[in-house]
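Since every read-out is calculated from the coordinates, none of them should be taken as a lab result. These numbers come from a predicted model, not from an experiment. Positions of Cβ are generated from backbone atoms using ideal geometry, with glycine treated the same way; all protein chains shown enter the neighbour counts.
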Amino acid sequence: MSKRILVTGGAGFLGSHLCERLLADGHEVLCVDNFFTGTKRNVAHLMGNSHFEVMRHDVTFPLYVEVDQIYNLACPASPVHYQHDPVQTLKTSVHGAINMLGLAKRVGATILQASTSEVYGDPEEHPQTESYWGKVNPIGIRSCYDEGKRCAETLFFDYHRQHGVDIKVVRIFNTYGPRMHPDDGRVVSNFIVQALRGEDITLYGDGMQTRSFCFVSDLIEGLVAMMNSPAGITGPINLGNPIELTMVQLAQEVIRLTGSRSQLKHMPLPQDDPKQRRPAISLASTQLNWAPRVDVEQGLAQTISYFKQLFAKDV
Ligand code: NAD
Ligand code: UDP
Ligand code: UDP
């Protein structure tokens with residue numbers, strides 16, 4: 001059945017793919033975004049669809065609309081961008097969650113929170129299961145994001161317990177793909193852009209820290225499966241691809257797939273950069289019947305071809 005669905009952060013990387021998917025499924029989609037890191041260009045191809053609407057709005061302010069489902073994705077995700085205005089990042093996670101939960105409560109909507117593997121901080125448990133409470137610095141440069149997302153999770157579970165709001169919380173691990181901003185600052189887009197331009201590949205620290213990279217189409221499947229799961233399923237549920245790479249391995253793979261002559265250049269490791277990260281995904285598998293399908297080679301190849309086309313247009 002067709003639903004009215006609100007996607008906050010809908011003009012961002014993940015949000016734009018989600019809007020596209022929900023429209024393809026026959027829903028009415030309201031994309032709310034303040035265009036801090038997202039762009040109208042990401043959703044320009046959807047503008048002609050009469051079931052699609054874009055609203056410029058900052059979720060730290062109240063929003064009165066009538067919808068059946070809310071995907072709360074509004075929040076800058078790249079460390080470079082979320083550290084640019086850390087107070088606004090916290091407000092977005094905390095005030096944004098309060099406003100969207102207030103909205104969900106008023107209209108009886110199901111609400112999904114795009115939480116993050118960052119709630120685990122620099123983890124002492126590996127891989128990270130949902131029952132692990134994390135190791136997070138409350139006062140460091142990443143805290144505005146990590147603690148904001150942790151507080152948002154608290155708000156979701158308190159609105160659920162106190163007001164009976166139907167909540168879904170997913171913890172997203174590093175996700176990449178087409179439509180990442182070339183200046184996004186996250187590692188996959190940085191490495192690909194540098195490789196395509198023949199610039200040095202900037203490895204922070206010794207490059208032995210690990211991440212596990214999920215391709216965007218897999219992640220979107222997981223978000224939709226979680227939103228439409230039975231009411232008893234609240235999460236938190238990890239969504240990510242458990243194949244773990246060091247940043248050196250990622251750089252080598254990008255160089256191989258682009259055929260670039262770029263050299264590796266070591267730069268200082270940012271403060272509190274987590275050393276290792278890999279999701280345990282058995283909960284997503286049993287509760288959502290979800291598993292990632294796109295391997296890193298295929299996903300990187302698609303992302304590289306997206307950036308090649310983007311740069312060809314700019315010339
Ligand atoms: P993104 O930066 O491309 O998208 C975020 C969107 O939110 C942008 O369009 C931005 O303009 C919008 N936004 C920011 N502050 C806002 C505000 N106050 N009001 C309205 N809109 C606002 O990042 P993304 O990768 O698409 O991430 C989307 C969500 O998923 C974020 O909440 C992020 O924390 C979460 N997440 C992403 C990843 C990942 O690897 N991509 C990992 C974990 C969690
Ligand atoms: N809110 C909103 N849209 C709505 C309903 C509420 O943006 O449709 C905001 C409202 O500004 C409020 C917040 O959500 O501050 C929390 O709402 P709740 O009903 O939980 O609390 P209260 O209104 O009592 O502060
Ligand atoms: N990183 C890097 N070079 C870059 C950007 C990031 O080596 O140009 C590293 C960063 O230090 C981190 C990892 O890549 O260890 C992932 O960084 P990203 O900003 O993508 O996301 P994070 O998982 O740290 O939030």
| request: Please list, in chain and number order, the residues 5+ apart from Thr116 or on another chain whose amide H is under 5 Å from its amide H, with Hs placed from the backbone. | output: Ile172
| query | Taking θ as phi - 60°, what are the ³J(HN,Hα) couplings along region 131-140 by the Karplus curve (6.51, -1.76, 1.60), each to the nearest whole Hz, with x for Gly and Pro? | reply | 7, 6, 7, x, 9, 10, 6, x, 10, x
| Put +1 on the Cβ of every Lys and Arg and -1 on every Asp and Glu Cβ in the chain; which of Val87, Ala44, His57 then has its Cα farthest towards the positive end of the dipole? | Ala44
| remark: Residues meeting the amide H criterion for Asp166 (H placed from the backbone, H to H distance under 5 Å, 5 or more places apart or on another chain) are Ile111
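Once fully extended, how much extra length lies between Tyr132 and Ser305, figured as 0.36 nm per residue of separation less the alpha-carbon to alpha-carbon distance?
Residue separation times 0.36 nm, minus the Cα-Cα distance, leaves 58.5 nm.
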| task | List every residue whose amide H lies under 5 Å from the amide H of Gly185, counting only residues 5 or more places away in sequence or on a different chain, with H placed 1.01 Å from N in the peptide plane. | result | Asn190
| Between region 154-233 and region 59-129, what's the alpha-carbon centroid distance in Å? | 13 Å
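Cα gyration tensor of region 46-97, axes a ≥ b ≥ c as square roots of the eigenvalues: rounded (a/c below 1.5), prolate (a/b > b/c) or oblate?
Verdict is prolate for region 46-97.
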| said: If the only charges are +1 at each Lys and Arg Cβ and -1 at each Asp and Glu Cβ, what is the size of the charge dipole of region 166-292 around the Cα centre, to the nearest 20 debye? | reply: 120 debye
| said: Taking loop as defined by DSSP and a crowding limit of 12 other beta carbons within 10 Å, which GluC sites (Glu not before Pro) in region 238-315 fit? | reply: none
| field | Long pairs among Lys91/Lys168; Lys105/Lys168; Lys3/Lys40; Lys275/Lys308, criterion Cα-Cα beyond 19 Å | value | Lys91/Lys168; Lys3/Lys40; Lys275/Lys308
| Footprinting exposure proxy for Asp273, Asp314, Asp146, Asp184 (fewest neighbouring C-beta atoms within 10 Å first) | Asp314, Asp273, Asp184, Asp146
| What is the dipole size for region 113-236, taken about its Cα centre, with +1 at each Lys and Arg Cβ and -1 at each Asp and Glu Cβ, in debye to the nearest 20? | 220 debye
| Approximate spin-label separation Ser50-Ala291, in nm, with each point projected 7 Å along Cα-to-Cβ | 4.3 nm
| request: Please report, largest first and rounded to whole Å, the three semi-axes of the ellipsoid equivalent to the chain, where each semi-axis is the square root of five times an eigenvalue of the C-alpha gyration tensor. | output: 30, 23, 18
| request: Restricting things to alpha carbons, find the Rg to Rh ratio for region 75-123 using the Kirkwood radius for Rh. | output: 1.05
| field | Neighbour-count order for Thr37, Thr210, fewest beta carbons within 10 angstrom listed first | value | Thr210, Thr37
| query | Of Ile220, Gln276, Gly235, which is farthest on the positive side of the dipole of the chain, counting Cα position, with +1 on Lys and Arg Cβ, -1 on Asp and Glu Cβ, and the Cα centre as origin? | reply | Ile220
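How many percent of DSSP beta bridges within the chain run antiparallel, rounded to 5?
Antiparallel bridges make up about 10 percent of those DSSP assigns within the chain.
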| Gain upon complete extension [Lys105, Arg261; 0.36 nm per residue less C-alpha separation] | 50.7 nm
| said: For region 216-295, report the % of Cα-Cα distances exceeding 22 Å. | reply: 45 percent
| Once phi is turned into θ = phi - 60°, what whole-Hz ³J(HN,Hα) does the Karplus curve with 6.51, -1.76 and 1.60 give for every residue of region 232-242, x standing for Gly and Pro? | x, 8, 9, x, x, 10, 6, 10, x, 9, x
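How would Ser93, Ser212, Ser16 line up from fewest to most surrounding beta-carbon atoms within 10 angstrom?
Ranking Ser93, Ser212, Ser16 by Cβ neighbours within 10 Å, fewest first, gives Ser212, Ser16, Ser93.
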| query | Just for the Cα atoms in region 94-147, what are the lengths along the principal axes, largest first, rounded to whole Å? | reply | 40, 24, 12
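Return the loop-located GluC sites (Glu not before Pro) in region 122-223 (DSSP other than H, G, I, E, B) with at most 14 other Cβ atoms within 10 Å of their own Cβ; answer none if there are none.
Details: sites: Glu124, Glu125, Glu130, Glu147, Glu153, Glu199, Glu221; in loops: Glu124, Glu125, Glu130, Glu199.
Filter output for region 122-223: Glu124, Glu125, Glu199.
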| query | Suppose every K and R has +1 on its Cβ and every D and E has -1 on its Cβ; what is the size of the dipole of the chain about the Cα centre, in Debye to the nearest 20? | reply | 320 debye
